[in-house]
Amino acid sequence: MAKYKRGDQVGKLIIIDLVKRDDLKYKYYYLCKCECGIIKEIRYDSLGRSTFSCGCLNKEINKGRLGNATRTHGMSNTKLFAIWRDMKNRCYNQKVDRYVNYGGRGIKVCKEWKENFEPFMEWALAKGYKDGLSIDRIDVNGNYEPSNCRWITKEKQYRNKTSNVMIDYYGKNICIKELSEITGLNDKMLYARYSRGDRGERLWRVPQK
């Protein structure tokens, strides 16, 4: 049943063993050693989802590691908070332009991230977030959750999108990159059209001069 094996590293935590605790509410825990040296038992269901350190990562965050501080999590004015807010808007706010390609397709944000910014923040920092990177879903049809997300450059994210977005071109299922090669139209323009909802011949129409 173990998700991780001895020696695996999750954020700043290195797995020592899987421990069964009949005396506690939750039966299974991972015994972990944090990079800071502290050894701690972490609930089986929270490791890799909302917990990525012994707690020292949050202390680093609260010292203002990524910018302006507030009385809550200190991140409201940062790019990372904006990424979290925009991620939720794409999935749940029908008034935003990109909802049709996310929430409109059934894409959701996992409960831990949707309800609280701090678990998302801790996951982001443990996974190497820095300003200039974008959140990317490994499975473009999957949800926003720790197992399906990573941080990549905007350029790589764009290449992934133009390679993974599939369209019907006269009965043939092709990606936007292929459509660009067939029609001679700029792939960035094609992707911009696709993002605003153009489909069929409207997608690959030749611009009027």
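A short reminder: the numbers here are calculations on the coordinates, not readings from a lab. Keep in mind that this is a model prediction, so the values were computed, not measured. Don't worry about glycine lacking a Cβ; one is built from the backbone with ideal geometry, like all the others, and counts go over all protein chains shown.
Taking amide H as placed 1.01 Å from N in the peptide plane, the amide H of residue 19 sits under 5 Å from that of 29, 30, 31, each at least 5 places away or on another chain. Computed about the Cα centre, the dipole magnitude for the chain is approximately 320 debye when only Lys and Arg (+1) and Asp and Glu (-1) carry charge, each at its Cβ. Across all Cα pairs in the chain, the calculated P(r) in 5 Å bins from zero up to the longest distance comes to 1, 7, 12, 15, 15, 13, 11, 9, 7, 5, 3, 1, 1, 0, 0 percent per bin.
Helical content of the chain, expressed as a calculated mean residue ellipticity at 222 nm, amounts to -8500 deg cm²/dmol (DSSP H runs of 4 or more residues, -39,500 (n - 2.57) each, divided by residue number, nearest 500). For residue 150, the residues whose modelled amide H falls within less than 5 Å of its own, excluding neighbours fewer than 5 places apart on the same chain, are 136, 138. I want to verify a result. In a Gaussian network model of the chain, Cα cutoff 10 Å, which of these has the top mean-square fluctuation: 142, 128, 171? Of the options given, 171 has the highest mean-square fluctuation.
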